[in-house]
Every structure is written in structure tokens, then in C-alpha cells.
Amino acid sequence: MHASDRDHRHAATDPLRSAEPDRFVHPDLPPVLRRLTGPEALALHDRLVETYAAVFCAPPWNDSPERVARFGELLADWAGQPGFVAVLAEGAGLAGPDAEDGTVPAFALGLTTPTPFPADRAYGLVRRLLGPATETLSGWLEVAELAVRPAARRAGLGRRLLAALTDDRPAWLLTVPQVAGTTAFYDAAGWVRHGTGYGITVYTNRPLPH
């Protein structure tokens, strides 16, 4: 999740859930990852929102239509910001009747964290968890959303998206530990857990300075 979002929930991939029976990732032809500019992401706005809804309106997230609409608004805003980064998984490695219908199997979005580090909304919770170390995150990439459709899970796509999005850049994110599979996913991906409290867990892709 993006820390300015009111529900302070990161869009985790939920990798432990089983895939849908009619679509799956072909083991010998993984989906292709493509980095998008802001205008390119806006051109795919409706498809990205559709994927967001498919992932987060289902259990365990159970997002409302209002929340989906809010994501659409945020996406339009984020895509116009200078530090916006997006990575899209294209369906070359999907099999099934709708594998070539233009559906986005997965995507990841990121933004440059402002300087100074914000204090509003969930950013304030991050400050409370990390204390003075929070200022280190200014200028880092914040992973705002990571969404993988159920049919494309359990094939390492979430990890590939994270790696492509950050591209060796210092990055951080927050997620909701109460949802099964979220912290296990980032732990297994090698991200560093820095604290859990106030309904969130903060991760970075490298150690914070002491």
C-alpha cells in the first residue's frame, strides 16, 4: 500500500492462495515484465484497475467498490509524479481461454518518498515504528502497490516484480501482518523486517543505518 492511503494496507501478492483452475502460468514460458512510463501506465489505467479489483475485492482483502475507485484516482495522480515507477507482467506465459484477452496478470507501482519524510496518515505510523531512522527513507522508492492475480501466483512472479520495480534502488514498503501470507512473502523475498505495530509491518530491501 501507499502510506498516504487511509487504510495503510500494502497490496501484497498473497502468494499462498491457490490459482484459479482455468488460467495458470506456463512453467516453460514465464510472463514478460515491462517497465512503464507514467503516460504508458495511464493508457492502461482501466486494465490496471480491473486487476486491482480482481485481487483485492476477493478474500482476504474484501475491498469495496469505493476503494477500487479510490485506487483509480490515486493511479492517475501517481502516474503524473516525477518519481513514478511501474512494472507490468504481460501474459505471454499464461495459458487458458482468456490468456490473450489483454488482461494484466500482475503489476507493481512505486514512488519516490518525499523529503522530509511525511507525517500524515500511515506515514505517521511508520515514524512511530522506526523513530529517527525514518528520515533515511526519504528519497527511497516506496512500493505503493503489488498485485498478482490468483491465476498467476505460486510461480515467483511477485518476487520478479519487486526486483524489477526496485532495480537495486533502496526501497521500502508497509504491509498488513494480519493477512495470511503477507509477511511470509516479504521474509522469503529477503526483505528486512523493521517493526510491527499500529496494524502495519515495515520492510526495506536493505538494512537501515544505525
Check your understanding: Among the residues of the stretch 12-65 satisfying the criterion of being among the charged types (D, E, K, R) and open to solvent by 90 Å² or more (accessible area, probe 1.4 Å), which is modelled with the lowest pLDDT?
Key -> ARG17
Exercise for review: Being under 12 Å from GLU50 (Cβ atoms) and over 18 Å from the mean Cα position of the chain (by Cα) is the filter; apply it to the stretch 100-109 and report the residue that is least open to solvent (accessible area, probe 1.4 Å).
Suggested key: GLY102
**Study point:** Of all residues making up the stretch 66-82, the number that are open to solvent by 20 Å² or more (accessible area, probe 1.4 Å) and within 20 Å of ASP167 (Cβ to Cβ)
**Key:** 2
Exercise for review: Answer yes if at least one residue in the stretch 140-158 is over 14 Å from the mean Cα position of the chain (by Cα), open to solvent by less than 40 Å² (accessible area, probe 1.4 Å) and modelled with pLDDT of 95 or more, and no otherwise.
Suggested key: yes
Check your understanding: Has the stretch 163-178 got at least one residue that is part of a strand (DSSP E or B) and hydroxyl-bearing (Ser, Thr, Tyr)?
Key -> yes
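Yes/no matrix, rows are residues, columns are (1) more than 27 Å from ALA54 (Cα to Cα); (2) open to solvent by less than 10 Å² (accessible area, probe 1.4 Å):
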position: LEU111; (1), (2): no, yes
position: LEU129; (1), (2): yes, no
position: SER138; (1), (2): yes, no
position: ALA188; (1), (2): no, no
position: HIS194; (1), (2): yes, no
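The values are calculated or read from the model by the stated rules, or taken from the named source; none is laboratory data. If you're wondering where the values come from, they're calculated on a predicted model, not measured in any experiment. Ideal geometry is used to build each Cβ from the backbone, glycine not excepted, and the neighbour counts take in all protein chains shown. Only protein heavy atoms, including side chains, enter the accessible area calculation; ligands, DNA and RNA are left aside. Shrake-Rupley method; radii C 1.70, N 1.55, O 1.52, S 1.80 Å.
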